[in-house]
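*Asks:* Starting off with a structure, shown below.
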Amino acid sequence: MPATVTTQLVEAPAEAAVRGSGVLRTALRSRRLIAGLCIVGFFVLLGVVGPLFFGNPNLVGTVQHAGPSAAHWFGTTDIGQDVFAQTVVGARATLEIGAAAGLIATVVSVVIGIGGGYAGGWVDEALALLSNVALVIPTLPLVIVVAAFVKNTGLLPTVFVIALTSWAASARVLRGQTLSIRNRDYVLASKALGEPVWRIVLVEIMPNELPIIVSQYLFAMIFAILAQAGLAFLGLQSPDLLTWGNTLYFAQNAQALSSGDWWWFAPPGLCIALLGAGLALINFGLDELLNPRLRVYREPRARRAARADGTETGQ
Amino acid sequence: MRLRYIGRKLGFYLVAAWIAITLNFFLPRLIPGDPVAVIISKQQQTGTVPLGEADQLRRLLGLGSGSLAGQYGQYLNSLAHLRFGLSITVFPTPVIDLVRQAVFWTLILVGIATLLSFALGIALGTVTGWKRGSRLDAIVPATTLLTAVPYFWLALLLVYLFANTWQIFPAQGGFDPALDVGWNGAFISSAIQHSLLPAITLIVASVGGWLLGMRNMMVATLAEDYVVAAEAKGLTPLRVMAKYAARNAVLPSVSGFAVSIGFVVTGQIVMEQVFNYPGVGNLLFAAVQNQDYPLMQGIFLAISFAVLGANLLVDLLYGFIDPRTKEA
């Protein structure tokens with residue numbers, strides 16, 4: 001037995017190195033990434049296909065305040081609406097707002113972070129100050145006040161207001177990264193070769209920051225979904241828009257809590273939490289991929305058993 | 001060196017405060033129509049409007065007479081004298097009195113809950129990072145889910161479970177309305193009892209973020225040479241974990257603490273709605289529903305200044321726990 005143990009120990013690392021050589025392989029080994037992709041993929045599918053199966057989710061029914069049953073999986077509301085239908089259809093608008101607001105926030109942060117970091121000088125100073133200030137001024141009260149002042153509750157204003165209050169943190173991260181990249185040899189070389197500025201920024205610098213940008217986008221999406229839910233819950237969104245936050249708003253207004261209709265407010269919040277967790281898991285998975293120090297090495301079971309054998313035989 | 005660090009930080013927060021104030025100056029310009037007329041007519045429905053209120057309002061909303069610069073000057077003058085006008089919601093109580101009461105409730109609740117959550121998250125993160133690869137790693141997906149939970153939804157769930165179903169905690173308000181408000185034992189214990197559920201909500205919703213951040217930094221720090229050296233010297237594992245790894249791994253969490261204060265306060269604002277807690281969030285919501293512009297402005301400024309102050313404090317503390325920042 002000891003002989004086979006030794007050969008296994010010698011062979012295994014080499015085998016692991018071969019297996020881990022492909023990025024895709026490593027990606028597929030990251031359980032977090034897989035789990036996150038599955039969760040987010042499920043909700044995206046729900047948002048795209050789900051509404052096709054339900055007519056009008058706001059349709060009033062005769063069965064009111066009913067708990068979950070075979071006919072109504074998530075029960076019904078105080079006026080007999082099917083909560084399951086509302087949850088499925090609500091996925092679409094929720095995802096749309098999250099994706100759009102996250103995208104705008106990310107674009108703004110890329111322009112301000114990378115642009116400022118590359119430009120340097122007083123432009124950089126001013127933009128850095130701007131993002132630091134935007135970071136410390138509490139945004140939701142500002143958004144609430146603006147929403148109340150403007151009385152504009154459509155989809156687009158929501159998206160813009162949320163986006164414009166959530167770009168600062170990632171702009172700061174991107175600026176820091178750009179400052180470190182802009183003086184590397186290959187950037188200096190392309191500068192010396194007379195490449196135009198847009199090409200240096202877009203082709204030389206941006207691709208190197210892509211992982212950060214993707215991760216910031218995922219976080220911005222989580223933030224946007226949470227912010228939208230909060231705003232909707234406070235009644236600052238158009239009630240025509242069917243999102244998970246609005247479902248929660250109606251549940252709260254109809255005293256779902258005191259009448260014990262837990263099936264009304266539990267699913268939308270749980271969906272928000274699950275979706276957010278899925279996005280965060282993708283992020284952590286990517287982090288593990290790109291930052292090997294975070295990766296926790298898991299021994300294959302066979303080898304762990306073999307090592308246990310080895311210690312027992314006094315090796 | 002230290003003085004320069006403090007001076008630069010102070011300068012930054014002065015600029016931030018000035019921007020918050022200026023934002024507040026421009027906000028009322030977004031109101032369609034004449035806000036002063038709207039406000040006065042609302043106030044007249046509930047009581048007699050004192051003379052000069054219209055003028056005062058105009059100045060406060062940054063809509064005074066003269067040029068833009070002149071209006072700005074009048075607005076700043078009003079703020080400097082803490083004249084925030086009268087509230088519409090509770091007419092004719094001055095805005096400043098309402099805000100002062102609400103800030104008191106929110107500040108104590110958020111302050112204590114955030115500190116507890118931070119301490120708990122750092123402690124748990126240290127241990128899970130230290131024991132990485134063990135069964136404790138199972139805690140990571142669970143906390144990931146928690147960080148994505150909307151505060152107010154968690155509040156709904158907890159109220160449903162602990163106040164409606166099991167009736168362990170009171171569901172609504174910040175104190176028993178039958179009691180006299182004051183510094184007496186019965187009132188304080190009632191206030192504490194009412195604050196437990198909101199505090200638990202805050203802690204549960206925010207502890208995951210601290211835990212994850214700390215765990216990841218611990219994992220990264222444990223790979224550093226000085227940790228390996230400390231282990232090689234034969235120091236006790238507890239000492240290596242606390243004094244070598246955690247001491248350095250906690251730095252990003254502390255600087256992240258400042259930024260997250262704004263996030264926690266934000267969550268708290270919506271959450272207070274669920275508990276009907278007599279804090280800033282509830283007041284802001286009442287103000288929004290009643291189109292109480294002066295009150296909204298007062299609350300926005302109060303929250304901004306509270307968050308900026310907390311940030312400044314953390315930044316200054318950071319200078320002490322990480323001496324390298326002062327030289328940069």
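No lab work stands behind these numbers, since they all come straight from the coordinates. Owing to the predicted nature of the structure, the values given are computational and were not obtained by experimental measurement. Note that we place each Cβ from the backbone using ideal geometry, even for glycine, and neighbour counts take in every protein chain shown.
*Asks:* Give, as ranges by residue number, the residues of region A:64-96 whose backbone N falls under 15 Å from the point 7 Å along Cα→Cβ of A:Q255.
*Replies:* Answer for this model: A:65, A:78-79.
*Asks:* With r defined as the distance between the Cβ atoms of A:E195 and B:A242 and R0 fixed at 45 Å, what FRET efficiency is calculated, to the nearest 0.05? List each step's numbers first, then the result.
*Replies:* Values: r = 51 Å, r/R0 = 1.13.
Working from the Cβ atoms, E equals 0.35.
*Asks:* Another question, if that's okay. Quantify how strongly other chains surround peptide B:138-150 by giving the mean number of their Cβ atoms within 10 Å of each of its Cβ atoms.
*Replies:* Across B:138-150, the average partner-chain Cβ count within 10 Å equals 6.
*Asks:* On to the next question. A:E96 to A:I34: FRET efficiency via 1/(1 + (r/R0)^6), r the Cβ-Cβ distance, R0 35 Å, to the nearest 0.05? Write out the running numbers ahead of the final one.
*Replies:* On the way: r = 25 Å, r/R0 = 0.72.
Approximately 0.90, to the nearest 0.05.
*Asks:* Which of the three applies to chain B, rounded, prolate or oblate, going by the alpha-carbon gyration tensor with a ≥ b ≥ c and a/c under 1.5 meaning rounded?
*Replies:* Numbers: a/c = 2.83, a/b = 1.59, b/c = 1.78.
Cα axes put chain B in the oblate bin.
*Asks:* Another question, if that's okay. Within region A:177-242, which trypsin sites (Lys or Arg not before Pro) sit in a loop by DSSP and count at most 13 neighbouring Cβ atoms inside 10 Å? Let's see the in-between values first.
*Replies:* On the way: sites: A:R182, A:R184, A:K191, A:R199; in loops: A:R182, A:R184.
Taking region A:177-242 and a limit of 13 other Cβ atoms within 10 Å, the loop trypsin sites (Lys or Arg not before Pro) found are A:R184.
*Asks:* Also: Run the simple label-point estimate for B:V228 and B:I112 please: 7 Å along Cα→C-beta, distance reported in nm.
*Replies:* With each label point 7 Å from Cα toward Cβ, the separation is 4.7 nm.
*Asks:* Quickly work out the B:S67-to-B:T93 label distance, labels modelled 7 Å from Cα along the C-beta direction, and quote it in nm with one decimal.
*Replies:* 4.1 nm
*Asks:* May I ask you to derive the FRET efficiency for B:L316 and B:S134 from their Cβ-Cβ distance with R0 = 35 Å, giving the value to the nearest 0.05?
*Replies:* According to the calculation, E is roughly 0.40.
*Asks:* Assigning unit charges at the beta carbon (Lys, Arg +1; Asp, Glu -1) and nothing else, what dipole magnitude in debye, to the nearest 20, does the protein assembly as shown show about its Cα centre? Could you put the intermediate results ahead of the total?
*Replies:* Details: 40 positive and 33 negative charges, 331 e Å.
Using Cβ point charges on Lys, Arg, Asp and Glu, the protein assembly as shown gives about 1580 debye.
*Asks:* Across the protein assembly as shown, how many lysine pairs, 8 or more positions apart or on different chains, have C-alpha atoms separated by under 27 Å? Please give the number.
*Replies:* Details: A:K151/B:K42; B:K9/B:K326; B:K131/B:K233; B:K131/B:K243; B:K233/B:K243; B:K243/B:K326.
Qualifying lysine pairs in the protein assembly as shown: 6.
*Asks:* May I ask you to order A:171-179, B:100-108, B:187-195, A:220-228 by the average number of other C-beta atoms within 10 Å around their residues, highest value first? Walk me through the intermediate numbers first.
*Replies:* Details: A:171-179: 21.3, B:100-108: 18.7, B:187-195: 16.9, A:220-228: 26.1.
Descending mean neighbour count gives A:220-228, A:171-179, B:100-108, B:187-195.
*Asks:* Roughly how crowded by other chains is peptide A:267-273, in terms of the mean Cβ count from those chains within 10 Å of each of its Cβ atoms? Walk me through the numbers before you get to the answer.
*Replies:* Numbers: counts 0, 2, 8, 4, 0, 4, 9.
Average neighbour count from other chains, rounded to a whole number: 4.
*Asks:* At 222 nm, what helix-only mean residue ellipticity would the protein assembly as shown give, in deg cm²/dmol to the nearest 500, using -39500 (n - 2.57) for each DSSP H run of four or more?
*Replies:* Numbers: 26 runs with 453 residues, N = 643.
After summing the helix terms and dividing by residue count, I get -23500 deg cm²/dmol.
*Asks:* Once whole DSSP H runs in chain B are found, which of them have Cα atoms spread over 20 Å or more along the helix axis and a mean Kyte-Doolittle score of at least -1.0? Could the numbers behind the result be given before it?
*Replies:* Values: long enough: B:2-26 (36 Å, 0.83); B:95-130 (50 Å, 1.66); B:185-222 (49 Å, 1.25); B:247-275 (39 Å, 1.09); B:293-321 (42 Å, 1.64).
Both cut-offs are met by B:2-26, B:95-130, B:185-222, B:247-275, B:293-321.
*Asks:* I've got another one for you. Can you pull the mean other chain C-beta count within 10 Å for peptide B:278-286?
*Replies:* 2
*Asks:* Among B:226-237, B:10-21, B:300-311, how do they line up from the highest to the lowest mean number of other beta-carbon atoms within 10 Å? Display every interim value, and only then the final one.
*Replies:* Details: B:226-237: 12.2, B:10-21: 16.3, B:300-311: 21.8.
Most protected by this proxy first, the peptides run B:300-311, B:10-21, B:226-237.
*Asks:* How far is it, in nm, from the label point at A:L103 to the one at A:D240 when both lie 7 Å from their Cα along the line to the Cβ?
*Replies:* Each label point lies 7 Å from its Cα, and together they span 2.2 nm.
*Asks:* A follow-up question, please. Any idea what diffusion coefficient the protein assembly as shown gets from Stokes-Einstein, in µm²/s, Kirkwood Rh on alpha carbon pairs, 37 °C, 0.692 mPa s?
*Replies:* On the way: Rh = 27.2 Å.
Result for D is 120 µm²/s.
*Asks:* Ranking request for peptides B:154-167, B:201-214: highest mean number of other beta-carbon atoms within 10 Å first, then the rest in descending order. Could you put the intermediate results ahead of the total?
*Replies:* Values: B:154-167: 17.9, B:201-214: 23.8.
Going from most to least packed, we get B:201-214, B:154-167.
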